[in-house]
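The structure appears below as C-alpha cells.
The values are calculated or read from the model by the stated rules, or taken from the named source; none is laboratory data. All values derive from a computational prediction rather than experimental measurement. In this analysis, Cβ positions are derived from the backbone assuming ideal geometry, glycine residues included, and neighbour counts consider all displayed protein chains.
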Amino acid sequence: MWVAIVALIAGAFICVYWVLFTPSGDVIPKAFLTILLLAGFAGVALGDSYLAHSRPAWLIPASMAGWVLILLSGLALIWVPNEVFDYGYGLGGALKFWNFVLVIVYVQLALVHQRLIWKAHARYVTVFTRVLTIVTTAFVLALLVTALVSLVLPGDYPPLYGRVMVALAILGAVGTALVPLVTAMFAPRAPRAGRPASATHVDGRPLLPWPTYRDGVTPLPMLDNGQPDFDAQRTGVPSPGSRAFGPQAAPAAPHQPNPVVPHDPLAGSGHHPHVDPFGAAGSARPGPVVPGAPPQEPPAGAPRPPL
C-alpha cells in the first residue's frame, strides 16, 4: 500500500507539472483523463490489498509494481501529443486507447507467466533449475520493457531494436519450455498405489472380481481347476487341495441351533422356594409328576402343606 500511495502522489505531481507547462490547449480533457486514471489505480491498489492474504508473498509486490508500470504508461499516453500517434490519419486518440489496453494485457500476461514458471520450479529445486528460472525471468521482463516503450513512445526505432525484441522473445520461450520439461523428466515421482487383486489382467483382458468370504474382504481359495472354492464360502472351511491367496481369516463357527429347553410348568407362576430365615434350606421345587408313581414325601423337617 505504501508503494501505491507513493506512486499516486508522484503521478499527481507529474500531472501538475504537465498542466502548468504544457503548451497545448487541450489541457482540460487530459486532466480529466488523468483524474480517472489515478482513481482507477487507487481502486486497483485497494483491491490488491484485500487479495493479498490469498496470494504468494512475492506476487504481492510484483502485482503492485505491474500496476505502477501501467499507471506510468497511462500517464505518458495521456500527455504525449496526439500527433505522435496520428501518422496522418487523425486516429491518435483511438491508437492511444488501444496501446493502453495492450499495456495492461502485456503486464498481466507477464505476471501470469511468472506465477506459472515459479510454481513449476518449486516442484524440483536445483541449482540448474533456479538459474534457468532467474535467467528466463530476466529475459521476459526485458522483453516486457522493450514492448512497453514501443507502445508508449512510438517512433522510428532502428532495426536492431526489433531484432533485440525477437531475440528476447526466443530466449524467453526456450527458458519457459525448459523449466517444466526438466521438472517433468528429473523430479522424483510419488510411488503409485498397487493394483488390487480384483483388477488383474490376463492377456490384456480384465478378470471378473474374485469372490470373497461372507466378510467381503478375504478372497476364497482356488481349486485345482482355477475356480473359486464356493464350498468354503458356504461352510467356512476350505476344501481339501484348495490354495489360499494370503493369510486367511479365522473361519466362522458353524451355526448351531438353539438348544431345546424342557418346559417348566412352574415358570412364570410366581412360585419361589421357601427360604428359612435361620439358614435352613427351603423346600425345593417339586419335580415333574409321573402318572402312576407314588406321591413324593417332602424332606424331613420341611413343613407339610395344609390338607
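Some points to look at:
- Among the conditions (1) exposed (fewer than 15 other Cβ atoms within 10 Å of the Cβ); (2) farther than 30 Å from residue 140 by Cβ; (3) modelled with pLDDT of 65 or more, residue 185 misses just one, which is (2).
- Yes/no for residue 204 being of a type in the set (Gly, Ala, Ser), within 31 Å of the chain's Cα centre (by Cα), over 23 Å from residue 100 (Cα atoms) and at pLDDT below 90: no
- Single match in 180, 154 (criterion: surrounded by 13 or more Cβ atoms within 10 Å (Cβ to Cβ) and farther than 30 Å from residue 85 by Cα): 180
- Residue identified as closer than 21 Å to residue 105 by Cβ, touching a residue at least 40 places away in the same chain (Cβ under 8 Å) and not assigned by TED's automatic domain parsing to the domain that holds residue 119 among 44, 84, 68: 68
- Any hit, the range 33-50, residues being farther than 17 Å from residue 115 by Cβ, modelled with pLDDT of 80 or more and in contact with a Ser or Thr (Cβ under 8 Å, 6 or more places away or on another chain): no
- Considered as a group, the residues in the range 162-182 that are modelled with pLDDT of 90 or more and among the β-branched types (Val, Ile, Thr) include one that is farthest from residue 118 (Cα to Cα), and that residue is 164.
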